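Worksheet for the structure shown next.
The values are calculated or read from the model by the stated rules, or taken from the named source; none is laboratory data. Worth saying up front: this structure is predicted, and the values here are computed from it rather than measured. Don't worry about glycine lacking a Cβ; one is built from the backbone with ideal geometry, like all the others, and counts go over all protein chains shown.
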Amino acid sequence: MKRKATVKLDDLITEIEIQMDETHTYINTQTGEVITLSREEMRAAEDEELLENYPDWQRENIEQAIKIIEDEDETYLDFTLRNEFHEYEIVEAFIETLDKAEVREKLFGAIQGRGAFRRFKDGIIEHDAEKQWYQFKEKKVKELVIEWCKEKNLVVEE
């Protein structure tokens with residue numbers, strides 16, 4: 001199916017930043033709308049549960065989930081990228097870009113074992129690399145989203 005709509009890059013980047021294990025994200029390829037649904041809402045749509053069993057605020061999402069499940073025209077595209085977005089790999093790539101060998105060594109040590117992300121965040125603050133990290137991460141996430149959209153024939157609006 002030919003993709004028609006333009007999707008907003010910022011909307012997709014935001015979705016990657018907030019995606020949780022309990023959510024699924026879809027793009028309406030006709031309108032560009034980004035839709036996030038909970039696992040519970042998807043399950044309710046699949047099980048054809050009565051909408052009356054859910055509060056009003058959740059019914060609309062379940063109805064949207066039904067449309068996605070029954071989508072034979074392939075209007076909805078799954079944008080749940082948790083298997084493609086690996087923050088740990090981005091952290092490692094960032095550390096490799098740092099100029100000072102001593103800082104690189106400390107940060108590589110910090111990201112080993114439990115609590116790695118907390119120690120990494122403390123380390124970049126300690127070594128005044130926090131701004132660099134967020135710029136690097138934003139660039140990498142942006143590249144991932146743009147590449148994914150190209151593969152899916154979606155037009156991206158920056």
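Please state which one of Asp47, Asp56, Asp73, Asp99 is under 30 Å from Glu130 (Cβ atoms), surrounded by fewer than 10 Cβ atoms within 10 Å (Cβ to Cβ) and over 19 Å from the mean Cα position of the chain (by Cα).
It is Asp99.
Return the residues of the stretch 111-158 that are among the acidic types (Asp, Glu), assigned to a helix (DSSP H, G or I) and at pLDDT 90 or above; say none if nothing qualifies.
Taking the stretch 111-158 first, the residues among the acidic types (Asp, Glu) are 122, 126, 128, 130, 138, 143, 147, 151, 157-158.
Then drop every residue that is not assigned to a helix (DSSP H, G or I), which leaves 122, 126, 130, 138, 143, 147, 151.
Hits for the stretch 111-158 are Asp122, Glu126, Glu130, Glu138, Glu143, Glu147.
Taking into account only those residues within the stretch 50-91 that are in contact with a strand residue (DSSP E or B) (Cβ under 8 Å, 6 or more places away or on another chain) and without any contact (Cβ under 8 Å) to a residue 40 or more places away in the chain, which is farthest from Gln30 (Cα to Cα)?
Asn61
Quick check on the stretch 1-37: of everything there that is at pLDDT below 90 and touching an Asp or Glu at 6+ places or on another chain (Cβ under 6 Å), which residue is farthest from Tyr76 (Cα to Cα)?
Thr6
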